[in-house]
Each structure stands twice: as C-alpha cells, then as structure tokens.
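Worksheet for the structure shown next.
The values are calculated or read from the model by the stated rules, or taken from the named source; none is laboratory data. These numbers come from a predicted model, not from an experiment. A quick note on method: Cβ atoms are made from the backbone with ideal geometry, for glycine too, and the neighbour counts reach across all protein chains shown.
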Amino acid sequence: MTVYAIIGGTGLTQLQGLTITAALNIDTPFGAPSAPVLRGEYAGREVLFLARHGHPHRIPPHQVNYRANLWALKEAGAQAIVAVNAVGGIHMAMGTGHFCVPHQIIDYTSGREHTYFAGELEHVTHIDFSHPYDEALRSKLCQALAAERCEFSSHGVYGATQGPRLETVAEIARMERDGCDIVGMTGMPEAVLARELTLPYACLSLVVNPAAGKSNELITMAQIEQALVEGMDKVKAVLARVLSA
Ligand code: HPA
C-alpha cells in the first residue's frame, strides 16, 4: 500500500488523531527540514506528517527549506504527498471556506531554492511539468471532499506568490487576467521538487480570505485564523478518507 505523506500548512501544524510511532530527525544534503518527520498511524493507515512551517508555526513561506522537506519525506519512505495549504480566493467561486484541488499552477515566487538539479551536474536536465499535480491523487481528494459534503472545486489555477506580505489589488487583478483562481505562498517550489523526486503530489487548498480587492474589507490575520479554525475539521476528515480509501 502506498505510504502517504501529509504536509501540513498554516493551521495544521499537528494532526490530531495521528498515533505517532516515531519522530524522525532527518538531515539532508540541503539542510534540516522544517520539523521532525512524524511517522504514525492515521485512519488505520501508516502515514508520514511534516509541519511545513515548523511546530510551533515559525517559518514564513519564503524561508521554508522546501528542498530539505521533500528530500526528508522521500527518505522517510513517502510514496505520495498530499499538501494542505491556506489560500486567498480570486475567482468568484472561491469564497471563504471553499476547497480547491488545483490542477495547474503559476509560479510568481523569486529567489527560492527551487530545484535539485543545480551545482556540479553531469548533464542538464529539464523535467516535464506540463501537469504539475498527480491526477489520481487529485481525484482521490475530490472524491473525499464530495463524500464529506464539502463545497469544493475539482479544478483551479494556483498562483504562488513570494510573500510574506499579501498582494496588492493590482497584482491580484493581473493574476486573475493570467487565469489564477486562488493565491497562496507555498505551492512552489514544493510541487516541482516533488516532481523532481518523482513523488506524486497534489494539494488540498482551503480558501481563508478573499484575495486583495475581492472584498471591501482589508485582510486581517484574525479573519484568516477564524477561517482556518472553521475549516480544519473538514480538512482532517478529508485526509482520513483519502488514507482509508
Ligand atoms: N494571498 C497569498 N497567500 C495567502 C492568502 C492570500 O490572500 N491567504 C492565505 N494565504
């Protein structure tokens, strides 16, 4: 059976209901991951869990060591990755509390360590990244969301921004013209590093605020935190279904 790894984002620094059997401190050629990789049992299945921002939450999105995180998960035995992330909603359908399982991504980040193919290479490699997410895993997530009666979109374009600041109204308007439906700060380079390691990867994105300019109010952390609290039970139920499917 496939060993899944869950990467928990903001609001999911620990997975309640996970029976931890080991906390692995894995050193990688790229440094230390955000936290120990937890091995345990969740919904009757062996699973790995990593808190993307550390536990407690302390590493901002632009300073996450994505290369170490993905490498450590692979080393711990992960065979597929479900990444959870909080996002802002751009498309009208992406209201607060809505879930999206993105099928495409546009990378607006800069200056992040975004590849394993760097340094002294024997030959240059260009991996195919036409379809950044694993279709089978996306479909499992969608089935679980439907079974849990969550409001969700089975497709969407994720715009990955650098952060840690939120975007300007003009930036979101540009992203909308580009075709982005949701905006977040952690989608890249996580997705491409998983692909470079040949790990099937998909995202479960929870909308926690309207993106800049998409409501009449300013975006507050209180608003984001409230939406996270309200959405996390559903996230956990969806993950449990994916694992036990
Ligand atoms: N923009 C970028 N990242 C985010 C947002 C947002 O509005 N909300 C949650 N993560």
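Among the residues making up region 208-223, those that are assigned to a loop (DSSP other than H, G, I, E, B) and in contact (Cβ under 8 Å) with a residue 60 or more places away in the chain are Ala211, Ala212, Lys214, Ile219. Report yes if Ile90 is among the hydrophobic types (A, V, I, L, M, F, W, C), touching an Asp or Glu at 6+ places or on another chain (Cβ under 7 Å) and either away from the ligand (no atom under 13 Å from the Cβ) or more than 30 Å from Trp71 (Cα to Cα) (or both), otherwise no. Yes; evaluated as a whole, the condition is true for this residue. Can you tell me which residue is nearest to the chain's Cα centre (by Cα) among those in region 148-174 that are of a type outside the set (Gly, Ala, Ser) and in a helix (DSSP H, G or I)? The selected residue is Ile172. Quick check on Ala222: is it among the aliphatic types (A, V, I, L, M) and either touching a Leu at 6+ places or on another chain (Cβ under 8 Å) or closer than 23 Å to Val238 by Cβ (or both)? For Ala222, the condition - among the aliphatic types (A, V, I, L, M) and either touching a Leu at 6+ places or on another chain (Cβ under 8 Å) or closer than 23 Å to Val238 by Cβ (or both) - is not met. Among the residues of region 85-100, is any assigned to a loop (DSSP other than H, G, I, E, B), crowded, with 24+ Cβ neighbours inside 10 Å and not hydrophobic (A, V, I, L, M, F, W, C)? No - not one qualifying residue is present in region 85-100. Would you please list the contacts, defined by Cβ atoms under 7 Å and residues six or more apart or on different chains, that run from a residue in region 83-106 that is within 25 Å of Leu193 (Cβ to Cβ) to a residue that is away from the ligand (no atom under 13 Å from the Cβ) and of a type in the set (Lys, Arg)? Matching pairs, first to second residue: Val101/Arg138; His103/Arg138. Which one is nearest to Leu204 (Cα to Cα) among residues in region 38-63 that are crowded, with 22+ Cβ neighbours inside 10 Å and touching a residue at least 60 places away in the same chain (Cβ under 8 Å)? Restricting to residues being crowded, with 22+ Cβ neighbours inside 10 Å and touching a residue at least 60 places away in the same chain (Cβ under 8 Å), the top hit is Arg52. Just need a number here: residues in region 20-31 that are among the hydroxyl-bearing types (Ser, Thr, Tyr) and surrounded by 12 or more Cβ atoms within 10 Å (Cβ to Cβ). Adding up the residues that qualify gives 1. When Leu70 is tested against (1) touching a helix residue (DSSP H, G or I) at 6+ places or on another chain (Cβ under 9 Å); (2) surrounded by fewer than 24 Cβ atoms within 10 Å (Cβ to Cβ); (3) touching a residue at least 12 places away in the same chain (Cβ under 8 Å), only condition (2) is not met.
Considering Leu204, Leu141, the condition of being away from the ligand (no atom under 16 Å from the Cβ) and either in contact with a helix residue (DSSP H, G or I) (Cβ under 7 Å, 6 or more places away or on another chain) or assigned to a helix (DSSP H, G or I) (or both) is satisfied by Leu141 alone.
Being at positive phi and without any contact (Cβ under 8 Å) to a residue 40 or more places away in the chain is a property that holds for Arg149. Of the listed requirements (1) free of Cβ contacts under 8 Å to residues at least 40 places away in the same chain; (2) in a loop (DSSP other than H, G, I, E, B); (3) over 19 Å from Gly9 (Cα atoms), Arg177 misses just one: (2).
Comparison of Gly213, Gly163 shows that the only residue that is surrounded by fewer than 18 Cβ atoms within 10 Å (Cβ to Cβ) and in contact with a His (Cβ under 8 Å, 6 or more places away or on another chain) is Gly163.
Evaluate region 181-197: report whether one residue or more is within 16 Å of the ligand (Cβ to nearest atom), buried (at least 20 other Cβ atoms within 10 Å of the Cβ), over 18 Å from the mean Cα position of the chain (by Cα) and modelled with pLDDT of 95 or more. Looking through region 181-197, none of the residues is within 16 Å of the ligand (Cβ to nearest atom), buried (at least 20 other Cβ atoms within 10 Å of the Cβ), over 18 Å from the mean Cα position of the chain (by Cα) and modelled with pLDDT of 95 or more. Right, Ile127: more than 23 Å from Gly97 (Cα to Cα) and in a loop (DSSP other than H, G, I, E, B) or not? Answer is yes for this residue.
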